């Protein structure tokens, strides 16, 4: 069977090579079409035969950047060998940025070896470390750090790479960033710290690393939210235990008088109810409407029923202990 390469070799005689960049009726060159369709081997052959990167580039797409995202390493090298700037930008992304976003380790390694700028920022200030944390990829993060990427540069919205590592639950990248100088308590968008992000996503490993690095378990966001409130987004008992052990009060209450136990019970966070009760949370406390945590655990869902069951067992044990003590 005759392949695309054979057809290209047959068609691109010395005379035909002079029109290799000729556009079709829609103004698209052969290279542009090959890149748009993801035919990377064909595109590499066209470049080797003299096709121009410049004529294939459009306002919406830069071939080298697109190839980097797809991990078409050989084509990227062909473009570079043809003189395409290694840090050419496609809107807000460089080839290295896109290789990282696509989790293309070998392509990123090649680009760095050939001199790609690991400190380069996109229009939104998304640097290599932020993108590696977003994937997340420890290998890419290590490569970028070794190439001089800044672990402490924030996006325009104030989000740091450590916030992104915490959001993704990557303990390894969080540890790497902190070791490289990232601030474990840096306030980001709306004043949320990495600990808020890790707690929100139930990332116990990251929570542990941040607390060990000195993150404040009582740090409030711009709206006054503590990490322990963020932790209520997921029923992760270990995250709750870590924050309580770090100094948060098990009886902390919001402005409406609802304690952590009340909020956990009403949301059906059974594992967190256990962690709070183990830490000494007061199950008899009432909120501004006079309701206890058990009364707030209205059985509207299975998870809330499980939380109510935890509280009911606690009260039964408490009453049994009281009965035994009254007869001794």
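Read-outs throughout are calculated quantities, based only on the coordinates presented, and are distinct from any laboratory measurement. Small disclaimer: the values here were computed from a predicted structure and weren't measured. Don't worry about glycine lacking a Cβ; one is built from the backbone with ideal geometry, like all the others, and counts go over all protein chains shown.
FRET efficiency for the residue 81 to residue 179 pair, using the beta carbon distance and R₀ = 45 Å, is estimated at 0.75.
Between residue 74 and residue 233, full extension at 0.36 nm per residue minus the direct alpha carbon distance yields a gain of 52.7 nm. When only Cα pairs below 8 angstrom with a gap of at least 6 residues are kept, region 18-113 shows a relative contact order of 23 percent. Computed over the alpha-carbon atoms, the chain gives an Rg to Rh ratio of 1.21, Rh here being the Kirkwood radius from the mean inverse distance. The stretch between residue 315 and residue 216, if pulled fully straight at 0.36 nm per residue, gains 32.3 nm over its current Cα-Cα span.
Given their separation in residues at 0.36 nm each and the Cα-Cα distance between them, residue 54 and residue 91 gain 11.8 nm when the chain is fully extended.
Highest mean packing comes first when the peptides 118-129, 49-60 are listed by Cβ atoms within 10 Å, giving 118-129, 49-60.
For the chain, relative contact order (Cα pairs under 8 Å, six or more residues apart, normalised by length) works out to 8 percent. For region 31-100, the normalised intensity computed at q = 0.14, 0.19, 0.22, 0.27 Å⁻¹ comes to -0.32, -0.61, -0.84, -1.34 (log10 of I(q)/I(0), Debye sum over alpha carbons, equal scatterers, no solvent).
Put in line by how crowded their Cβ is, counting other Cβ atoms within 10 Å and starting with the fewest, 138, 206, 47 read 138, 47, 206. For the chain, the 222 nm mean residue ellipticity estimated from helices alone, with every DSSP H stretch of n ≥ 4 adding -39500 (n - 2.57) and the total spread over all residues, rounds to -14500 deg cm²/dmol.
From most to least packed by mean Cβ count within 10 Å, the peptides 176-188, 82-94 give 176-188, 82-94.
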